[in-house]
Every structure is written in C-alpha cells, then in structure tokens.
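Beneath this line is the structure, given in structure tokens, with notes to follow.
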Amino acid sequence: MSFNTGPKIVSDGLIMHVDANNHKSWANRNILSWNNWVAGASSVGGYSFNQDAAGENALVSGTDPWGNTNVVWETRASGNNNADGGWNSDSFNIDISKKYRYSVWMKRTSSTTSGTFYMGCYGNIGRMDGGADEGNPYWQCWGISAYTQNVWYLHAGHVYPYGTPNRSSWDKDSGYYTIAGGKIGDLGGCNVGYDVRWLGNQTTNGHRVYHYYCSDNTSRMHLFQPRVDICDGTEPSISDLLNNNTGGQLTDLSGNGNHLIMSGGPTYSGGKFTLDGSTQGFTRSSAMNNVGTKNTVVVIYKTTDIQELWVKGNDTGYYLSASNNNNYYHGNCGSPSNFVDLVSVSNPYAAGYKNNQYHMWEAKNVDFSTWTLFEWFLYPGGWQLAGDVAMILVYNRAITAAESQQNYYALKGRFNLP
C-alpha cells in the first residue's frame, strides 16, 4: 500500500528557509513574555511587583547574559527585611498531563550580599520526595552571597505530570548554569526537595522570582528572560537557553546558516509572526551564504497594508519590490519579476490581493550578490509591513514556473491559499 503525502516545497537551490511554525526554525514557545519590558516603566503587563515599599523594582538598561545592552529587571531593596523585589507572573492555564520547565536568569550586581533569591511556582503543588503537598513552593532559596558578583546564572526547575511516581532525584536539566561553566550543580530544593508534580485539581499556575529578607538598601540583583516551557520536544534545550537560541533567532532550515534575528519583538500566534508596521521584522547583518545573482524570494504573508517593500539592503538605495499604489520598483538587486499566487503582478494594489488573506509572493531573478545587510519588512519611512509573515524561502536561482506551482500546492492547504 502506498500513501500520497502531497507535494513538498522545492529543495534544489534552497539557501534560506525559515518557518514560524517549525520549532527547529523558531524554538520559542514560552508561555511568558518579556518583549514588553521597557526601561523606566512603572508597571509591566503580565507581572506584579514583589515589594512592600515603593521603588523596590525597576526596569533598567543593563547588560544581558551575552553582553548585549538590554532591558533587565533590577531589585532595589529598601532594607526593611521583607519583600525586596522580583515578581509574581499573571496566572496561566496548564495541562496537568504535561511536564513544564520554569527558568530565569539571575545576577548579583552589588558587592553587598544581603537577602535571599527565590525561584518558584504557585501552590498547591505535589512533592515527589514523599513530603506533603506544598502551598508555597520554591525550587531555590539561597542567600545571594552564594553567587559570584556580576555573573549571570540560569536556573531551571520542573513540574511533572499529575500521577508521576515519587522520586528523590532531580530532572537531568534542573539546576543552575553559567555560560562559561555549563551546569554548576543542582538547585537547593528549598521547601520541595526536588522537582514537583501537578495535583489532580490544578488548572492554572504562575512563575515567581523574589529578592527577600534584605537588611540593607544596597544589595541588588538583575533578573532576565523568565520562561515557562512545555516539555514536549518543541521547547528550547538548556543549550539553547545558554546560547540565546530561544526565539531571538530564526534558524535557517536549509542548512546554509542564513539565520535571521528577530527585531522589535514580533508577536507569535498560530504559526505566524504579526508585525506592527513600525519596528518589528527580521534582520541579517552579513551577506547570505551561497547566494547567486538570479535568486528567487518567496514570502507567505497576509496584510491590508497598501504600501509595501519586502527587504532593505546595505542602505536605503538597496531594496526589493517597493510599491505604493503603483508598479513594483527595485534598487541594487537586478530586475526582478514579481508574482502573487503564481500570477505575474506589476501593480500589487490593483491586483486586489491586500485582503488580509494568505498569499504567496515571489520575486525571481533577484541579485543579492552585493548585499551585506538584510532587513526584512523594515525599510523606514512608512514602508514597514503591518501584517503577518509565516514563511520565507530564498533560492540561489530563478525557479521555474512548474517549481513555483509545486511550492504553491505544497503550501496551499496549510495557508488556505486562494
């Protein structure tokens, strides 16, 4: 017996393939978010402050675990020996048949070392070491003096499915890590002993990280990238977390290393990224590997945006397929031909496809040979894309009409192409 699995996208000459719905391309399935962290903000959507005095939390511009300037969460203890910074996340729905990983980066920035670092989840929760259910669970509650000043530590703990048998050992990935040293050791266990499990009546949970019981007003911590991941094979590995491959990068599935970096925090849902028409898009700051002079670019997208320009290059004189109620025009990329849903298109607005439905756009005979910068959907001055992008393909040759048709029918069912 044979099975017809349908057409597959053309692979001959494929030098870049990024897909929002493929966890090998984009590993981020984090239940939490930090894309809304803004330096100087007095509140943060999705989080409530752990403090009993004003000013014990601040979002600041700091250095992230990879040496980049980024917005980090700073605890600023008042010295009253109580709640001194950190957060309680908003509650989120959970599936008690699944395993979850909770994680966060922490760094002590001060030379003073008062107070305790806590990482936990919401109770009640089931202990797996034979102890009673815990209403106030923490995997870690060490004094911040245990951590070397100005070193970022990644902490990870797990909640196992309801009904998991007792065990007196940690998950292999639970522990605390540094980029330089890898796994430093197990977590302390605090009041749960080891990893924990869901109870049968649980439907929601939350992520919490605290600085607590600080007796001075100088001890400080920085916190970064809180995560809750379902452990189902789509989650980033610990190695991914340590190497910042957690959704900041769109990994090229073609094997050519033409990865893209997410810019501005595009929103993910339902197998696509939604771009805001302003600061959100994808970038590559070097030439493409194995690129040619007669390339084909394919984008699966939907929009109602009248003005469009697909990708900007080295400067504003490098651009592919610009149109604003008029025919396409190009800069420093040869003389491409443009197609939408297999139909040759010169004036995309007149063609009437800006209807908030998915379409397959192609540009053939694109010369990227002199490009050393790629800013997808980010050309300034109103040309940024407001809409959804699900997939980008680049070939180092002009694919044939038959191959375009093969791609179209390979993707038609997934995207309900017209």
I'm told ASN314 meets every condition in (1) in contact with a strand residue (DSSP E or B) (Cβ under 7 Å, 6 or more places away or on another chain); (2) of a type in the set (S, T, N, Q); (3) without any contact (Cβ under 8 Å) to a residue 60 or more places away in the chain except one. Can you identify the failing condition by its number?
(1)
Considering only the range 379-397, how many residues are among the hydrophobic types (A, V, I, L, M, F, W, C) and crowded, with 21+ Cβ neighbours inside 10 Å?
6
Among (1) on the phi < 0 side of the Ramachandran plot; (2) touching a Phe, Trp or Tyr at 6+ places or on another chain (Cβ under 7 Å), the one test that GLY115 misses
(1)
Looking at the range 121-128, can you tell me whether even one residue there is modelled with pLDDT of 95 or more and either at positive phi or within 21 Å of the chain's Cα centre (by Cα) (or both)?
no
Please find, among GLY255, GLY277, the residue that is within 19 Å of ASN22 (Cβ to Cβ) and at pLDDT below 95.
GLY255
Any residue that is more than 30 Å from TRP198 (Cβ to Cβ) and hydrophobic (A, V, I, L, M, F, W, C) - is there at least one of those in the range 93-102?
no
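Residues that are in contact with a Ser or Thr (Cβ under 6 Å, 6 or more places away or on another chain) and at pLDDT 95 or above: which strands (runs of 3 or more DSSP E) entirely in the range 281-381 hold 2 or more of them?
Ranges flagged: 359-366.
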Evaluate the following for GLY67: is it assigned by TED's automatic domain parsing to the domain that holds ARG227, within 19 Å of the chain's Cα centre (by Cα) and on the phi > 0 side of the Ramachandran plot?
yes
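The values are calculated or read from the model by the stated rules, or taken from the named source; none is laboratory data. As the structure is a computational prediction, the values presented were derived from the model and not from experiment. Because the Cβ atoms are built from the backbone with ideal geometry, glycine has one as well, and the counts that use them run over all protein chains shown.
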